[in-house]
1. Mind checking which residues of the range A:168-208 are over 46 Å from the mean Cα position of the chain (by Cα), touching a residue at least 12 places away in the same chain (Cβ under 8 Å) and within 12 Å of chain B (Cβ to nearest Cβ)?
2. So which of B:Gly10, B:Gly21, B:Gly73, B:Gly69 is surrounded by fewer than 19 Cβ atoms within 10 Å (Cβ to Cβ), away from chain A (no Cβ under 14 Å) and small (Gly, Ala, Ser)?
3. Residue check: is A:Arg274 of a type outside the set (Asp, Glu) and assigned to a loop (DSSP other than H, G, I, E, B)?
4. Based on what the data block shows, is A:Val266 in a strand (DSSP E or B) and either within 19 Å of A:Ile315 (Cβ to Cβ) or away from chain B (no Cβ under 14 Å) (or both)?
5. Could you list, ordered by first residue, the pairs with Cβ atoms under 8 Å in which the first is in the range B:174-197 and within 14 Å of chain A (Cβ to nearest Cβ) and part of a loop (DSSP other than H, G, I, E, B) and the second is surrounded by fewer than 18 Cβ atoms within 10 Å (Cβ to Cβ) and of a type in the set (Ser, Thr, Tyr), at least 6 apart or interchain?
6. Could you list, ordered by first residue, the pairs with Cβ atoms under 7 Å in which the first is in the range A:221-241 and within 23 Å of A:Ala340 (Cβ to Cβ) and the second is of a type in the set (Lys, Arg), at least 6 apart or interchain?
7. Would you pick out the residues in the range B:202-245 that are surrounded by fewer than 19 Cβ atoms within 10 Å (Cβ to Cβ), small (Gly, Ala, Ser) and within 29 Å of A:Asn307 (Cβ to Cβ)?
8. When you scan the range A:16-51, how many residues do you find that are in contact with a Pro (Cβ under 8 Å, 6 or more places away or on another chain) and surrounded by 14 or more Cβ atoms within 10 Å (Cβ to Cβ)?
Amino acid sequence: MRGTDRAAFAVAFTARLRRAGLQAGITETDDLVRALAVSPPTSRTALYWTARIALVRRHGDLAVFERVFATVFNDTPPLPLSRSAVPPRRRDDGLHVAVPGTGDEGAAAGGGLPWATLPPAVAADDPDLPGEGLDLPDLRPSDLAALADRPFEELDQAQTEALGTALRAALTSWPQRRSRRHRADPAGHRVALRPTIARARRTGWEAITVVRERPVPRPRRVVMLCDVSESMRSQAAACLQLMRAFTTVADAEVFAFATRLTRLTVPLRHTSAREAIEQASDAVDDRFGGTRIAANIAALLASHHGNTVRGGVVIIASDGWDSDPPEAMTAVMTRLRRRAYRILWLNPRAGAAGFAPRVGGMAAALPFCDDLLPAATFTDLTAATHHLRTLTR
Amino acid sequence: MNNPDEVIEGLDAADYLADDGLAMAVFLALRLGRPLLLEGEPGVGKTAAAKALARALDTPFIRLQCYEGLTAGEALYEWNYQRQLLHIRLAEARGVSVDDADLFTTDFLQERPILKAVRHAGPTPPVLLIDEIDRADDEFEALLFEFLGEASVTVPELGTFAATRPPIVVLTSNRSRDLHDALRRRCLYHWIEFPAPDRAASIVRRAVPGATAPLIRDATEFIGRVRGLDLDKAPGLAESIDWVSALAALGVTELAAADVWRTIGAIAKTPDDRVAVAAALPPPPTR
């Protein structure tokens, strides 16, 4: 547990237990933090006991604790954590494509030879492999929750799509503004003359029922700019899903950029998620030329879409590696700041330990951003959309 | 106006220099009786086109400025509630009974721009300008559909007013918001391009008769150069006209850096732009 924020761990773990029905409060959490301090867990068993002693106060809660502890820690590698202890990650780069085997491959890798080689790229006939016929996805919400915590680069296309759909469903709240349109509401302050007089017709033209109205809140527009350059390769697919969620759920304008700006609002509105993403990916053709963040924001502001930024929430998803000088970034962010209501910057590296916004472009843009949020997993993206809710003044 | 060339001539007589595209758009809108949606960057002459059209056709010009929350009460019609109530009290005092038919008559109807355009009873249909429709909201767009489609306005208490001569409707938009497809479907559309320098010069010459030819040439050329800079608000044609008017009012006959400095407020509208435009000026001569 070296380098782990004990308090964060304890709070998160207790929260999870509480959701599962275990009655543990601040006192128990505090106990767990202190317990972890005095007895740093050296093994899974040690951790189990420390946590159990600190948290469980009733026999009836034991079953819940066991279950939650098992879900949380079953998949984790044994402690102590070291790089060598972590199993190598599965590669999904299309290099190792399994071809149907002939059935005579040796069971052991290396074919019984006294040295180790790469595992065979030829798969044995596996009854579990998806064969012909309809392959129905069998995803439970908990599966998605586990996937959501994985970095983008470890997700395959289907998983990204499933998470994108979940993200869209989660996108319910929105920063709002007060509009100048009014709606009848008993709690309103303004008297609505027309309906009041209309009611008065029934009461001999005496206005007995006074109809009141109040302003209708409107969702603010969201303008999202996503960096799709080579350095953001794995993140771009997920950001496209987020942009699609925005375009389909509410009033949003979305753009992708690397060396130049591409408007993706229309392609991403397509009813079919897969087709929308494909069309959007086709529309972007400047992925491999480097990144010009400042120039692209300037292009957005100068174009006739520049007015869409006014009063809106601007979200920029980029790692901040900019080939334009930082002064250009400062100039353009000043201008953007004046037009936008809020600016959020999603940086895939921001969640990493020891991250500091030292990249020129990022450092220059930071003073103008309301928030710098991590965006390395779908959990981060969901958190970012929830963060939007807090932006209402 | 029987062909686009006559539209150009007509607008020319009204001091508006239209290009072929705009002339065709206006001609078709007049001929087909369809509303015309004009888009273009600010200050390119969208509103001026509608005004000039009214002058050219010698008809009344009715204007509706859009804003968010615009309702039927401000755009179509409103009942004069005060007068209605007064009428009721009067009837009470006289001991006369009042019913709906007495209260909801055209006497108590207050015309707002759209109903005014529909009920206009002149020899020629009026020009109705619905300005900056992008500033209104979806609800208002929906409110317009009946009028744009059928040139009629329905007042539930009275019935439907249909225009004897459908008004000529011009809508303008700055594209700060995407208009609904249903609205676009009902309109003819024209995007007004920023004119080329020589064309801009002739427009400015027409708008500011007092300015000298070299001044107008230099000024429009300078504006063309300034528009190439990275500006927050690039000066449009309206700014060019303002600026040349300002220079002409100062008695300037040929453009000099010092005069640009004195009148920079007419073309640069933010502090940043001021700096950028100033940087584009030739350095002041050392004395």
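1. Selection gives A:Thr196 alone.
2. B:Gly21
3. no
4. Numbers: in a strand (DSSP E or B): no; either within 19 Å of A:Ile315 (Cβ to Cβ) or away from chain B (no Cβ under 14 Å) (or both): yes.
For A:Val266, the condition - in a strand (DSSP E or B) and either within 19 Å of A:Ile315 (Cβ to Cβ) or away from chain B (no Cβ under 14 Å) (or both) - is not met.
5. Correct list of pairs: empty, since none qualify.
6. A:Val228/A:Arg287; A:Ser229/A:Arg287
7. B:Gly224, B:Gly228, B:Ala238, B:Ser245
8. 3
The values are calculated or read from the model by the stated rules, or taken from the named source; none is laboratory data. On a predicted model such as this, the values are computed, not experimentally measured, just so you know. Cβ: placed from backbone, ideal geometry, glycine included. Neighbour counts: every protein chain shown.
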